[in-house]
Amino acid sequence: MERVPLTLSRRDFVIGTTAAGVGLSLGLYLPSASATPEMADDTRELNAWVVIEPDDTVIIRIARSEMGQGTLTGLAQLVAEELECDWSKVTTEYPTPGRNRIRDRVWGSFSTGGSRGIRSSQQYVREGGALARMLLVGAAADRLGVAEAECRAADSVVTHVPSGRSLRYGEVAGDAAKRAPPDSVTLKDPRDWKLIGRPVKRLDTHAKVTGEQVYGTDLTLPGMLNASIRACPVFGGTLKSFDEARVRDMPGVRAVVRVDDTAVAVVADTWWQADTALRALPVVWDQGPNSAVSSASIAALLREGLDAHDAFVGNRAGDVDAALAGAAKRVEAEYAYPFQHHATMEPMNATARWTHERCDVWCPTQNGEAALQAVVEAAGLPAGQCDVHKIDLGGGFGRRGFSDYVTQAVKIARQLPGTPVKLIWSREEDMRHGAYHPITRARLTGGLDADGRLVGLRIRLSGQSILAAVMPGALKDGADMVTFQGMLPDGDHAISYSVPNLLIDHAMRNPPVPPGFWRGVNINQNAIYLECFVDELAHAAGTDPLAFRRALMVGHPRSLGVLNAVAERAGWGTPAAAGVFRGLAVCKTFGSHVAACAEVSVRDGRLKIHRIVAATDCGYAVNPQQIEAQVEGSFVFGLSAMLYGGCTVAGGAVEQHNFDTYRSMTIAEMPQVEAIVMPSGGFWGGVGEPTIAVAAPAVLNAIFAATGRRIRELPLRDTDLRVA
Amino acid sequence: MQELNINGSSVAVDVDPATPLLWVIREQLGLTGSKYGCGIGVCGACTVHVDGRAVRACSLPVAAVTAGQAIVTIEGLSTNGDHPVQRAWDDLDVPQCGYCQPGMIMSVVALLADNPTPSDADIDAAVTNICRCGTFNRVRRGIHLAAERLRDGGA
Ligand code: FES
Ligand code: FES
């Protein structure tokens with residue numbers, strides 16, 4: 001084995017040096033106090049999106065965050081497609097949220113969630129690439145003394161077609177940067193795409209296999225101290241007192257600080273010292289109003305909502321009461337979905353340096369602009385004196401759209417002016433202070449006519465609203481329409497079935513456990529409710545679950561398309577291997593149509609998931625191999641949630657504290673996932689989240705096929721599937 | 001002061017003997033490729049080799065490692081990031097967020113050193129690292145690819 005000599009770089013300034021190697025610039029820098037903001041970030045920039053160096057290096061600026069989902073590469077492909085540049089010359093960098101503010105949000109939104117990274121910015125980033133190309137062609141034409149219309153750009157070279165003379169992008173980039181931008185731009189016809197749709201390799205892989213990739217937890221700044229924090233484990237509780245004297249003399253301890261009235265942090269030379277002292281610190285909490293809240297009390301609150309008179313309507317058609325009253329057969333079932341933790345592999349963290357003049361934060365965030373806002377508020381400084389430097393995330397899944405950990409880091413750093421402080425949450429802190437998947441229950445009632453056709457469907461959802469907790473301004477007359485994901489009459493999250501008489505409503509019941517957007521958001525439970533119940537209806541009707549669904553999907557050709565694709569690939573209707581049973585699920589969410597067929601066996605009460613076939617129609621597929629990776633990963637996320645992902649509450653606090661009690665799937669439990677990417681064109685659907693939704697219901701329906709047992713409460717944990 | 005042999009070099013560290021090896025590696029020696037994920041030996045993000053065996057460094061006090069034992073971290077696995085397992089990971093674009101991958105790779109390298117032709121069942125038993133992004137299908141393909149290349153002479 002090769003061994004490399006150890007470099008003792010503990011106090012080295014690592015952030016500037018790590019990015020190289022893979023041709024990937026993190027765009028991190030330590031701003032100097034004297035730096036004055038000028039408008040363009042670089043005199044060579046063609047526009048906000050593109051910089052071309054004399055040596056032909058193409059720097060593409062990326063506003064969204066990379067958290068594993070491949071957006072960095074996908075967005076670069078979109079720009080490069082229109083730029084007609086040599087893909088092998090492409091590198092990327094992140095503009096800071098502060099620069100975006102100064103430049104009138106030239107990069108648009110930095111928010112990275114809702115499977116929107118590509119689909120909501122594809123138009124303007126492609127335009128950015130096209131405009132830059134036009135500048136380069138114009139500059140080259142002038143230099144060659146020929147008409148622009150006679151020139152073509154390809155592979156970072158502008159060629160004058162009649163004469164064959166050419167100039168490299170790097171040779172004309174300086175001139176191009178001085179030209180006025182054209183006032184209109186025409187994007188390529190999708191049929192002419194060369195890079196979009198190609199399974200190119202990720203731009204950020206190599207540093208992740210060598211350990212060179214710097215995550216927030218790895219950051220080192222000169223003179224930096226480390227902090228570990230504990231907030232009151234009871235939601236809504238506050239910090240009463242702590243006995244600093246007991247830890248003040250422990251090794252490395254520099255300070256014990258109060259953070260607002262809710263938390264206490266220990267600052268030390270190393271994080272291990274800080275965390276060790278924090279664990280030894282006697283703390284007295286005021287538990288506040290929620291100390292009696294438990295899983296049982298929350299379940300009772302939600303059950304009450306199932307029977308409540310008042311509810312917000314999400315989807316209504318026909319007369320459901322009459323249809324159910326007149327049905328030949330009625331089926332009713334109740335389902336429940338628990339709180340879940342995001343459990344990003346990298347715990348929450350942020351590094352802040354605060355002085356009376358300036359505050360800078362380095363952090364993994366899914367929403368750089370929101371993080372900057374949090375910094376400004378916590379720093380007590382004008383926005384122009386603050387900035388956020390984004391670092392690639394060790395997982396996000398929605399958790400890092402929140403900035404609570406950023407606020408804390410700044411408030412700690414404010415108490416040590418001039419000293420950079422890196423705050424890392426212990427895993428235990430991370431699990432106790434999540435932004436949990438909302439808890440909900442559902443009662444579903446279906447009516448079948450004498451021929452087994454679905455004539456009426458009534459769904460009452462009861463439970464938590466994310467919007468009510470985190471963005472109440474987005475409520476519509478009090479209703480949280482996001483709770484109806486996958487059940488709405490139309491749009492990106494429309495129901496995939498046509499039911500003549502339908503009523504879906506939501507009784508909002510908000511327990512005092514903070515909810516958040518959790519990869520997939522409300523489609524996770526809604527697809528289980530709907531897809532498992534449709535399976536129940538098919539069973540009651542004595543109809544094959546595929547045929548039963550097809551009959552309801554006449555007006556939903558794209559959803560039907562993905563369902564048919566998985567049924568065909570999985571061999572639905574043909575015998576599976578001995579002891580193996582199949583289950584289906586389909587839905588539309590985040591603008592994409594997805595379906596899955598699961599194959600499982602249950603032996604001695606133990607579940608084995610053998611195979612998943614999953615189809616995605618996302619309209620345009622930017623990078624099929626990355627979509628496959630997202631689909632595969634989404635099943636780990638969705639199936640981990642189904643198997644293990646429940647947070648329970650006792651004494652107003654979450655009971656799971658680490659990966660021993662909040663388990664996650666390992667490779668031994670991982671089925672083979674066969675991803676079918678079938679872009680039908682004409683629209684841009686998301687891919688990071690949709691297939692999570694079909695993971696659990698497809699498996700639960702297969703479990704029913706195998707055992708005759710309906711699982712209506714999650715997680716499965718160690719449920720003995722023999723007990724009917 | 002305690003002597004350690006890390007990635008082929010001897011170093012002396014001045015540290016509380018109860019400190020887990022992970023934090024010595026990360027904070028005293030500045031080698032941050034090995035990650036903190038759980039601190040209780042469950043997730044595998046901190047996996048390093050001690051005398052060729054995969055060890056969860058978050059749960060091993062530094063005092064339990066002797067100066068004669070060879071510790072290898074992801075940084076010491078190869079000179080140019082070109083260990084056959086790293087190359088397989090590169091070729092298949094295995095990482096997503098990548099945070100678990102140094103630990104994952106160290107587990108896999110230890111497995112292949114022990115068992116150059118692992119079956120899927122061997123992989124299931126040996127690689128128990130958590131990956132929240134869900135890269136397992138590619139991890140499995142990567143292991144088979146690396147094993148094949150190692151058999152063909154480490155090419
Ligand atoms: S950090 Fe060591 S096993 Fe998780
Ligand atoms: S790649 Fe993100 S946790 Fe494994």
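Worth a mention:
- The number of residues in region B:80-99 being more than 22 Å from A:Pro364 (Cα to Cα) and within 15 Å of ligand 1 (Cβ to nearest atom) comes to 0.
- Of everything in region A:563-582 that is touching a residue at least 12 places away in the same chain (Cβ under 8 Å) and among the β-branched types (Val, Ile, Thr), the residue that is surrounded by the most Cβ atoms within 10 Å (Cβ to Cβ) is A:Val566.
- Out of A:Asp480, A:Asp430, A:Asp451, sole residue that is touching a helix residue (DSSP H, G or I) at 6+ places or on another chain (Cβ under 8 Å) and acidic (Asp, Glu): A:Asp480
- Strands (runs of 3 or more DSSP E) wholly inside region A:314-377 containing at least 1 residues that are within 16 Å of ligand 2 (Cβ to nearest atom) and within 14 Å of chain B (Cβ to nearest Cβ): A:349-354
- Subset of region A:379-430 that is touching a Cys at 6+ places or on another chain (Cβ under 8 Å) and in a helix (DSSP H, G or I) - its residue that is nearest to the other protein chains (Cβ to nearest Cβ): A:Arg427
- Every residue from region B:22-45 that is part of a loop (DSSP other than H, G, I, E, B), within 7 Å of chain A (Cβ to nearest Cβ) and out of contact with any Pro (no Cβ under 7 Å at 6 or more places or on another chain): B:Leu29, B:Gly30, B:Thr32, B:Tyr36, B:Gly37, B:Cys38, B:Gly39, B:Ile40, B:Val42, B:Cys43, B:Ala45
- Residues of region A:206-222 that are in contact (Cβ under 8 Å) with a residue 40 or more places away in the chain and either more than 7 Å from chain B (Cβ to nearest Cβ) or outside any helix (DSSP H, G or I) (or both): A:Ala207, A:Glu212, A:Gln213, A:Val214, A:Tyr215, A:Gly216, A:Leu219, A:Thr220, A:Leu221, A:Pro222.
- Scanning region B:28-41 for residues that are near ligand 1 (Cβ under 7 Å from one of its atoms) and in contact with a strand residue (DSSP E or B) (Cβ under 8 Å, 6 or more places away or on another chain), we see that the one that is nearest to A:Thr344 (Cα to Cα) is B:Tyr36.
- From B:Val13, B:Val24, B:Val48, B:Val62, residue being surrounded by fewer than 24 Cβ atoms within 10 Å (Cβ to Cβ), within 16 Å of ligand 1 (Cβ to nearest atom) and either among the hydrophobic types (A, V, I, L, M, F, W, C) or free of Cβ contacts under 8 Å to residues at least 40 places away in the same chain (or both): B:Val62
- Of the residues in region B:143-155, not one is under 26 Å from A:Gly68 (Cβ atoms), at the interface with chain A (Cβ under 9 Å from one of its Cβ atoms), over 15 Å from the mean Cα position of the chain (by Cα) and more than 16 Å from ligand 1 (Cβ to nearest atom).
- Index of the failed condition, B:Val94 passing every other in (1) under 19 Å from A:Phe637 (Cβ atoms); (2) at the interface with another protein chain (Cβ under 7 Å from one of its Cβ atoms): (2)
- Filtered residue count, region B:100-128, keeping only those that are within 16 Å of ligand 1 (Cβ to nearest atom), of a type outside the set (A, V, I, L, M, F, W, C) and facing chain A (nearest Cβ under 7 Å): 3
- A:Met678, sole failed condition from (1) surrounded by 19 or more Cβ atoms within 10 Å (Cβ to Cβ); (2) more than 8 Å from chain B (Cβ to nearest Cβ): (1)
- Meets criteria (in contact (Cβ under 8 Å) with a residue 24 or more places away in the chain and within 16 Å of ligand 1 (Cβ to nearest atom)) for B:Leu77: no
Since every read-out is calculated from the coordinates, none of them should be taken as a lab result. Note that this is a predicted model, so its numbers are computed, not measured. Quick reminder, even Gly has a Cβ in these numbers, built from the backbone with ideal geometry, and neighbours come from all protein chains shown.
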